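Down below is the structure, laid out as structure tokens.
Every number here is computed from the coordinates shown, using simple stated rules; none is lab data. Note that this is a predicted model, so its numbers are computed, not measured.
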Amino acid sequence: MIWLSEILLERHEIESFEALLDAVRDKARAGGRFLRMDIRPPFPDTPENWEDRLESAFTDVLDGR
């Protein structure tokens, strides 16, 4: 299980929601099975539908898209 807070702690260089999407995809490629969103991303460009977008980025990699 991958926690969103862990990604943010591991990847200090992330400065935008788009960069977070890339980090989530990287985690999925590295063998993550589940993504848990325990915090709201702290970026000014975080959209209202941030949970859906992160989940889609994660599952698209798992589904081979």
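When 1/r is averaged over all different Cα pairs and the result inverted, which Kirkwood radius in Å belongs to the chain? The partial results should precede the final answer.
Values: mean 1/r = 0.0858 Å⁻¹.
When all Cα pairs of the chain are included, the Kirkwood radius is 11.6 Å.
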How much length, in nm to one decimal, is gained on full extension between HIS12 and ARG40, taken as 0.36 nm per residue of separation minus their Cα-Cα distance? 8.5 nm
Considering Cα pairs under 8 angstrom that are at least six residues apart, work out the relative contact order of the chain and quote it in whole percent. 44
